[in-house]
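Everything below concerns the one structure shown next.
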Amino acid sequence: MNEAYAVEMKGIVKRFGSVLANDRVDFRASAGEIHALLGENGAGKSTVMCMLSGVYRPTEGEICLHGRQANIRSPKDAVKLGVGMVFQNFRLVQNLTAAENIVLGEKSSFWRGPRWMKAKTEEIRAVSERFGLPFPVDRPIWQLSVGEQQRVEIVKTLYRGADIIILDEPTSVLTPGEAEQLFATLARMKSEGKTVVITTHKLKEVMAVSDRISVMRKGRMIAAMAKRETNERELARLMVGKEASPVRPAAAGSAGKPLLTVSNLDVYADRGRKALDGLSLQVNEGEIVGVAGVAGNGQKELAEVLAGLLGWKRGSVHFDGKEFKAASVRAAIEAGISHVPENRMKSGLAGSLGAVDNLLFKSYRSPERSAFGFMRTARNRAWSQSLVERFDVKTPGLDTPVRQLSGGNQQKLLLAREIDRDPKLMVAVHPTQGLDVGAAAGVHRLLTELRNAGRGVLLISEDLEEVLQLSDRILVIYGGTIAFEAKGSEADRERIGMYMAGLREEEEAG
């Protein structure tokens with residue numbers, strides 16, 4: 001093993017039963033570098049890092065840290081050796097404060113009294129300020145935003161003395177502004193000589209933040225190079241094994257009759273905040289309506305209203321010729337509205353259950369899935385297997401807890417459930433978040449097929465490229481109301497960006 005490397009993994013093999021997840025993988029990263037581990041969902045990159053952080057043990061191979069062979073049998077061993085990992089799905093106790101989560105696991109951490117906890121809290125605050133990771137240390141986790149929760153996880157690794165920090169798909173849950181803040185933090189870590197490894201599939205971010213790049217495909221390491229030696233096009237080819245090109249959906253015909261009409265909607269969210277302010281919009285049969293906007297302008301609440309999760313104070317919602325009088329999840333399901341939520345593991349899937357149970361959530365009452373109060377077990381497993389194959393969900397088995405799947409495979413399972421219901425309207429919130437190039441293209445095809453079959457699609461996304469590429473009409477939401485509307489074919493990127501920032505045309509001219 002080479003002492004020049006902070007991390008050196010050699011000949012790593014990992015098998016889960018008959019599934020070969022990693023096939024003789026070599027990986028090396030130096031101190032004081034940001035190293036991007038790039039690959040499609042299911043390429044095996046997270047599995048390799050889980051072995052480095054002690055979550056899994058390699059079936060074969062060696063791990064060396066700073067030139068010495070390391071026997072990492074558990075996450076506790078990894079922490080002692082200075083390795084910390086921030087997972088895509090955070091591992092925090094919701095009813096404990098941020099500071100309590102960070103000291104959780106220290107010997108007798110909650111037996112030492114309030115003075116000890118106060119001193120620890122100040123230490124944690126100092127670490128967060130040093131690395132530019134602010135969050136309210138005394139507030140319970142459930143009251144923090146997703147971005148703040150990620151900062152808690154990162155500070156936890158730093159507070160415990162990690163000099164090798166692994167971040168699994170770190171920007172998949174962040175707004176663009178939060179992602180920029182994270183990149184600044186990574187640069188600070190690098191300047192202090194820490195080794196930062198990020199697993200990702202986002203090419204622009206890789207080129208913006210990394211020093212070196214390793215590429216995995218189908219469980220194998222394909223290439224490793226310095227950033228200056230490559231470009232986005234070459235990395236995409238290495239990732240997918242062929243020249244990657246975005247989906248260009250066939251142009252839709254003329255839209256059909258109105259399917260969804262929302263009029264003058266006022267919605268109040270947490271702590272009495274007005275999330276939607278007189279919002280009105282329409283989705284017709286056979287069209288994709290894209291909603292663009294900066295996070296926090298009411299997108300989440302709009303989707304939750306349509307899914308029956310959130311009520312409204314004023315206004316009306318008409319769907320397929322009928323008026324919704326009040327919020328009802330069951331009524332939305334029975335009316336034919338499918339929903340891909342913003343946070344798949346919080347609102348869409350049950351992480352401890354397998355594929356079969358998660359696929360049954362919205363259809364278990366139907367005659368095809370149950371009879372006389374009993375589930376049709378054999379039929380349901382066969383149906384689940386067919387959906388897993390059709391949507392290319394990579395899982396060791398139908399009973400494997402979905403929290404063990406990669407983010408992309410979790411998303412594909414969720415889409416399989418929602419699309420198989422043959423919805424009249426698909427409300428898709430960030431549907432390609434956390435997906436690689438190939439999987440995202442597949443989602444785009446599925447949404448386009450729904451549109452071409454005469455269904456309505458409301459696409460809510462912070463990815464302006466996605467909105468521009470797919471939408472027949474584009475709406476900009478700002479301050480809880482629709483600030484701008486344009487045909488997809490006539491949309492102007494700069495104009496849309498101006499309205500997303502809250503500027504009116506007269507202000508821009510002035």
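The values are calculated or read from the model by the stated rules, or taken from the named source; none is laboratory data. Everything numeric here is computed off the predicted structure, so don't read it as measured data. Reconstructed Cβ throughout: ideal geometry from the backbone, glycine too, with neighbour counts over all protein chains shown.
Of all residues in the stretch 336-351 being part of a strand (DSSP E or B) and not hydrophobic (A, V, I, L, M, F, W, C), which is nearest to the chain's Cα centre (by Cα)?
So the residue we want is His339.
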Failed criterion for Gly61 (all others in (1) over 27 Å from the mean Cα position of the chain (by Cα); (2) in a loop (DSSP other than H, G, I, E, B) hold): (2)
Test: Arg417 is closer than 17 Å to Gly336 by Cβ, assigned by TED's automatic domain parsing to the domain that holds Leu259 and surrounded by 18 or more Cβ atoms within 10 Å (Cβ to Cβ): no
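Anything in the stretch 20-38 that is under 15 Å from Arg220 (Cα atoms) and surrounded by fewer than 22 Cβ atoms within 10 Å (Cβ to Cβ)? List them, or say none.
Result: Leu20, Asp23, Arg24, Asp26, Arg28.
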For His430, which of the numbered conditions (1) surrounded by fewer than 16 Cβ atoms within 10 Å (Cβ to Cβ); (2) in the same structural domain as Leu265 (by TED's automatic domain parsing); (3) in contact (Cβ under 8 Å) with a residue 24 or more places away in the chain; (4) closer than 30 Å to Ser386 by Cα fails to hold? (1)
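So which helices (runs of 4 or more DSSP H) are wholly in the stretch 352-469 and hold at least 2 residues that are within 19 Å of the chain's Cα centre (by Cα)? Working first, answer last.
Values: elements: 355-360, 377-390, 407-420, 437-452.
Filter on the stretch 352-469 gives 355-360, 407-420, 437-452.
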So if I check each of Arg28, Arg91, which one is under 28 Å from the mean Cα position of the chain (by Cα), basic (Lys, Arg), in a strand (DSSP E or B) and closer than 30 Å to Gln149 by Cα? Arg28
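For residues that are more than 14 Å from Asn284 (Cβ to Cβ) and buried (at least 21 other Cβ atoms within 10 Å of the Cβ), tally how many sit in the stretch 463-473. Step through it out loud before you land on a result.
Pass one, the stretch 463-473, residues more than 14 Å from Asn284 (Cβ to Cβ): 463-470.
Subsequent filtering for residues that are buried (at least 21 other Cβ atoms within 10 Å of the Cβ) retains 466-467, 470.
The qualifying residues number 3.
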Can you find even one residue in the stretch 445-460 that is touching an Asp or Glu at 6+ places or on another chain (Cβ under 6 Å) and at positive phi? yes
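Can you confirm whether the stretch 317-333 contains a residue that is surrounded by fewer than 22 Cβ atoms within 10 Å (Cβ to Cβ), of a type in the set (A, V, I, L, M) and within 20 Å of the chain's Cα centre (by Cα)?
The first filter runs over the stretch 317-333 and keeps only residues surrounded by fewer than 22 Cβ atoms within 10 Å (Cβ to Cβ), leaving 317-318, 320-331, 333.
Next, only the ones that are of a type in the set (A, V, I, L, M) stay: 317, 326-327, 329, 331, 333.
Then drop every residue that is not within 20 Å of the chain's Cα centre (by Cα), which leaves none.
The answer is no; no qualifying residue exists.
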Return a yes/no flag: does the stretch 165-172 have any residue that is among the hydroxyl-bearing types (Ser, Thr, Tyr), on the phi < 0 side of the Ramachandran plot and either within 17 Å of the chain's Cα centre (by Cα) or not assigned by TED's automatic domain parsing to the domain that holds Ala78 (or both). yes
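Quick check on Glu287: is it surrounded by 15 or more Cβ atoms within 10 Å (Cβ to Cβ), charged (D, E, K, R) and at pLDDT 95 or above? So that I can check it myself, show each step before the final result.
Values: surrounded by 15 or more Cβ atoms within 10 Å (Cβ to Cβ): yes; charged (D, E, K, R): yes; at pLDDT 95 or above: yes.
Yes: the conditions hold for Glu287.
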Restricting the first residue to the stretch 124-152 and requiring it to be touching a residue at least 60 places away in the same chain (Cβ under 8 Å) and over 15 Å from Thr185 (Cβ atoms), which pairs with a second residue that is buried (at least 16 other Cβ atoms within 10 Å of the Cβ) and among the hydrophobic types (A, V, I, L, M, F, W, C) meet a Cβ separation below 9 Å and a spacing of at least six or different chains? Val146/Phe90; Val146/Val173; Val146/Leu174
